[in-house]
Structure formats: structure tokens, C-alpha cells
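Contents: one structure, followed by commentary.
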Amino acid sequence: MFIFIGAMAVIFLASLIKSTFGFGEGMVNMSLLTLLLGLDQAVPLVAILALGGSAYILLQDFKQVDWKELWPFLIGALLAAPIGLSMGEYLPAFWMRKLLGLLIMVFAVFKLYQSYQIAEDLGEPKGPEGRKWGYLFGLLGGLFGGAYNVAGPAGVLYGNFRAWPPAIFRVTMQGYFMLLGIAVVSGHAYMGRYSPEVLKMAAFALIPIALGVFLGRFFNQKLSNPALFNKLVYFLLILLGLILIIK
């Protein structure tokens, strides 16, 4: 019962953060649910929970997706996702947990550093030639997305590399998460990872997710200094990464 209540609390926190700031759900869920449930249950659970949120955003703003930017990135991710699924199945969980913690820390440190930059253009070539890097970033996203639901960092790095405008970034990333998520969830289902316990927890999670989305919208309208809260979230992710590394 303690593990179930703890998992629902984590899912609520992750949903609240995503609804308030538009990011961070998968990282928070994977950091804490891995400790509560283990990788074997956390990975398929987080994958199916994340799919719904991306689908909702994409349905609302489908016309804003920049498909020319998305396709190279998505192709790389879809090619690597089956390898990632196998990697999560056969590589030792002890070392993969440490690798996951390190990845989360690197991502959080990068975002924290970025939050202190003032009007700095982090984009590299913005023309068609720069899109070729999407295959490489997509391969990294597919590997870790398929194995441990950590596809976000590669997408954030590529979006910053290409200097996507905020509105295009938000929706184009959801297209990536949505299509990669379908592949990942299908892979988990094919490999028999959706046990009755995982599906039951996913069904119960609809309640904390809905509550988190509702409160997140409220906080998004009321926060006077969201930049400060963003930095606190990054510090929290660094702490969570450390916990995974030393555990």
C-alpha cells in the first residue's frame, strides 16, 4: 500500500510540473518510480502515461508541427527504439540505474546553465543542412527512450541546436514523443511487459494526472516568477539523479 500511494504521489507531482511548465514529467516519473517499482515496472508504466499527454497537446495544435524539422529526428529515433527496448531487457538494471541517474543530471545541469543565459542564441545552422544532425540526436533519443523513457534530453538538445521558436518547439516535440511513444508502448506490449499490476496502476494514475493538470494550470496563471521555479526543478532533478547513482 505504501508503494502504491507513493507511486500515485510521484505521478501527481510529475503531472503538476508538466502542466505548470510544459516539461519534466518523464524525468520525474522515471527518477522516483524507478526507486519505488524498479525498472521492470517503471519503464512500461511511464511510457503509457506519457503517451496520453503528448496526444492531447498534439491534437490541439497539430498544424504547428514543423514536419521538415521533425522527420530526420523521428526517423533516427524510430530506428533506435527497438535497440533501446532490447537494451532495457538484457543490460543489468544496477548499472542502467546509474546511467539513468547520470543522464538526468547532465540534462538538468544543461537546462540550469541555459536558464542563466540572457538572450543567448544556442542554435547552430538553421538552414536545411543543419537538419542532418536530427538523425544523430534521434538515435540517442530512441535508444534511451526505448530503454528507460528518457527521450526528452536528446529532443531538447536538438531543439536548442536548431533554435526552434518556443511555439514550434513545444508542438513539434509532442509529435516526436507521440510517434516514438506509440512505437515504445507497442514494443513493451509485444515483449509482455504490461502485467496486470502495471495496467491497474496506469488506470488508477488517471486520478492524480487529472488533479495535477488542473492544479498546474492554476499555478501557471498565478506564478509571478516561473524562472525561479524552473531553476528549483532543475536542482531537484540533479538531486534525484544523485540518488539513482549512489543507490
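Counting only protein heavy atoms and using a 1.4 Å probe, the accessible area of Met178 comes to about 40 Å². Within the full protein context, the accessible area of Arg131 is estimated at about 60 Å² for a probe radius of 1.4 Å. Computed on protein heavy atoms with a 1.4 Å probe, the accessible areas place Ile246, Ile209, Ile17, Ile3 in the order Ile246, Ile3, Ile209, Ile17, largest first. Counting heavy atoms of the protein chains alone, Asp61 has an accessible area of about 40 Å² for a 1.4 Å probe. For the chain, relative contact order (Cα pairs under 8 Å, six or more residues apart, normalised by length) works out to 39 percent.
Taking every protein chain into account, the accessible area of the chain amounts to 50 square angstrom per residue (probe 1.4 Å). Leaving ligands, DNA and RNA out of it, report the carbon-plus-sulfur percent of the accessible area of the chain at a 1.4 Å probe. Looking at the chain in its full context, I get 72 percent from C and S. Residues Trp71, Trp164 ordered from highest to lowest accessible area at a 1.4 Å probe: Trp71, Trp164. Computed over the chain with a Gaussian network model linking Cα atoms closer than 10 Å, the most mobile of Phe23, Phe144, Phe214 is Phe214. For Ile5 and Met191, the FRET efficiency from 1/(1 + (r/R0)^6), where r spans their Cβ atoms and R0 equals 25 Å, is about 0.30. Is the shape of the chain best called rounded, prolate or oblate, per the rule: a/c under 1.5 gives rounded, else a/b larger than b/c gives prolate, else oblate, with a ≥ b ≥ c the square roots of the Cα gyration tensor eigenvalues? Rounded is the answer for the chain, as its axis ratio a/c remains below 1.5. Within the listed set Gly192, Gly152, Gly138, the residue fluctuating most in the Gaussian network model of the chain (springs between alpha-carbon atoms under 10 angstrom) is Gly192. Which entries in Lys18/Lys222; Lys98/Lys200; Lys132/Lys231; Lys68/Lys132 show an alpha-carbon gap greater than 20 Å? Flagged as over cut-off: Lys98/Lys200; Lys132/Lys231. Every helix of 4 or more DSSP H residues in the chain counts as -39500 (n - 2.57), and over all residues that averages to -27500 deg cm²/dmol at 222 nm. Please state the shape class of region 1-64: rounded when a/c is under 1.5, otherwise prolate if a/b exceeds b/c and oblate if not, all from the C-alpha gyration tensor. Prolate.
The values are calculated or read from the model by the stated rules, or taken from the named source; none is laboratory data. Remember, it's a predicted structure, so these values are computed and weren't measured experimentally. Glycine gets a Cβ as well: all are built from the backbone with ideal geometry, and neighbour counts include every protein chain shown. What goes into the accessible areas is simple: the full protein's heavy atoms, side chains included, and nothing from ligands, DNA or RNA. Shrake-Rupley method; radii C 1.70, N 1.55, O 1.52, S 1.80 Å.
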